[in-house]
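Only the coordinates and a few stated rules stand behind these numbers; no lab work does. None of the values given here were measured: they were computed from a predicted structure. Neighbour counts run over all protein chains shown; Cβ positions are idealised from the backbone, glycine included.
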Amino acid sequence: MNISMLLDMAAEGFGDRVVIGRADDGLTAGRLRELALGGTELVRAADADAIVYLAVNGPALPVALFAAARAGVPLVPVNYRLGDAQLDALLANHPRALGIADPEHGEALRRAGLPVRSPADWLAQAAEHPAGDDPGPTDAPAVLIYTSGTTSAPKGVVLRHHNLVSYVLGTVEFAGADPDEAALVSVPPYHIAAVSNVLTNLYAGRRSLTLEQFTPDGWLGLVREQRITNAMVVPTMLARIMDTDGLDRSVPSLRALAYGGARMPVRVIETALSEWPHVDFVNAYGLTETSSTITVLGPREHRTAVASDDPVVRVRLGSAGLPVPGVELEVRDVSGVVVGPGATGQIWVRGEQVSGEYAGQGSVVDERGFFHTRDQGHVDADGYLHIEGRADDTIIRGAENIAPAEIEDVLLGHPDVLDAVVVGVPDEEWGQRIEAVVVLRDGVTVDADALRAQVRGTLRGSKTPDRITNWRELPRTPTGKLVRRDIVEALTAEGREAVGRQG
């Protein structure tokens, strides 16, 4: 099934319901389909082999997504925050694409020799263009998303129609949303969550809108103004909402809040559960290569964990939950042997929604169809997945493998530590030494030796950071992922004061 069939079902099932944008002037499902049909003809008339989307989130994105699907070409949402050299390198892969770009980003497309339309022009021309009604092919790539490249050069992840449709059908009930439901998505268009939320909210019949520039008060104000019932944030956003003083945090319409994309500090989610007891919280773990979510920690598990005195149950508040329907999960050791509950290893997944395919490289799934996520963690006795970080982030100190995440969790347990990262820095004697960077509450001073003592008292001496540095903020992608390579480079560089981030 082509993803455009999901739009056809929505247009036929609730065509008059507003599904994109604000309640008073958004697009209905029927109008979205009309624009997508017109956009399809624009793609065909241009003989384009892709749509490159280099703009902020908004109504032009779902129109481009479904127009590309019907035309049998992929949508390629590109990170508009990349530098010129990186943009040029990515766009060189798509010499016959049709380009959609904000005015400030259009020059990159022109340098690549691509035709450029603004989002407004794209929508206007799609509205005016004669439209056919071909549902589109079912086996072509639907989306090509370049990974964030926080540890290596970005790779183009290929998601085919059957991957995305499988994810939607396995996780969402058609027309299951009430007519008054509205979802707020606060991630950029080049993140898999932006694409998956377009599909899942549309299929459910839920109106969705986006927040172009996140601020805590802006997010809260839009939730109240548009009576948002469902929202999706990354952990750094929720932390800023909970940690910013003087905010009106009342959100009477909000019913459910999903979070993911990076580790959520337990302190933050505990605060949010206390602040918004009427809200159902969901932790969604997934990757671009898996078409979004593959495990979920649901509302009941959140409330049970935070209320429990049992350490085994309470620790699940920091887990990624259980696999979604249709996804199989294995934890393997470095030799590829599946390990049992409680044992740390590398996380592998299999299922129809799992792509594991890269442009120019093909599929990287193994002979049994499993994809290596490059995350490591363990599954507890009841099947809950606990993420311990990227395999590439493991610190090797002497002969010991150390997961930064467990040290970061201890540091984040201090009431005055808002953010923390632990990395391995090259060391002649040990191979790597452990260094940490923390972000403290404004106006607060915390002795580094006291933090080191806290780690030593919780873990053991070999996992205690050799040094802890205080910065004003940590380098993160817009979706909350730590850019660890920048941190390592800054810590190893001479003249650290020149970095300009230390407190």
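At-a-glance table
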quantity	calculated
Net charge of neighbours whose Cβ lies under 13 Å from the Cβ of residue 349, counting Lys and Arg as +1 and Asp and Glu as -1	-2
Loop trypsin sites (Lys or Arg not before Pro), segment 57-122, which have at most 13 other Cβ atoms in a 10 Å radius of their Cβ (DSSP)	81, 96
Simple spin-label estimate for residue 307 and residue 366 in nanometres, 7 Å along Cα-Cβ	4.0 nm
Euclidean distance of C-alpha centroids, segment 301-325 and segment 37-77, integer Å	41 Å
Packing-based exposure ordering (other Cβ within 10 Å, fewest first) of 358, 285, 167, 146	358, 146, 285, 167
Stokes-Einstein D (µm²/s) once Rh is taken as the Kirkwood radius of segment 289-409 over alpha-carbon pairs, at 20 °C in 1.002 mPa s	139 µm²/s
Ranked by how many other beta carbons lie within 10 Å on average, peptides 197-209, 327-339 from highest	197-209, 327-339
Cα pair distances in the chain, grouped into 10 Å bins until the bin that holds the longest one, percent each	4, 18, 29, 27, 16, 5, 1, 0
Within the chain: Cβ-based charge dipole about Cα centre, in debye rounded to nearest 20 (Lys, Arg +1; Asp, Glu -1)	40 debye
Net length gained if the chain between residue 213 and residue 449 were fully extended (0.36 nm per residue, minus Cα distance)	81.2 nm
Principal axes of segment 396-499: Cα extent on each, largest first, Å	38, 30, 28
Computed helical MRE - 222 nm, the chain, DSSP H runs ≥ 4 contributing -39500 (n - 2.57), nearest 500	-9500 deg cm²/dmol
In Hz, Karplus ³J(HN,Hα) per residue of segment 110-121 (6.51, -1.76, 1.60; θ = phi - 60°; x = Gly, Pro)	5, 4, 7, x, 9, x, 10, 10, 6, x, 5, 5
Of the GluC sites (Glu not before Pro) in segment 414-480, those whose Cβ has at most 15 other Cβ within 10 Å and which sit in DSSP loop	428, 429, 473
Built amide H within the under 5 Å cut-off of residue 17, gap 5+	29, 30
For segment 483-492, 3J(HN,Hα) per residue [Karplus equation, 6.51 cos²θ - 1.76 cosθ + 1.60, θ = phi - 60°, Hz, x = Gly/Pro]	9, 5, 4, 5, 5, 4, 4, 5, 6, 8
Loop-located GluC sites (Glu not before Pro) in segment 177-277 whose Cβ has at most 12 other Cβ within 10 Å (DSSP)	212
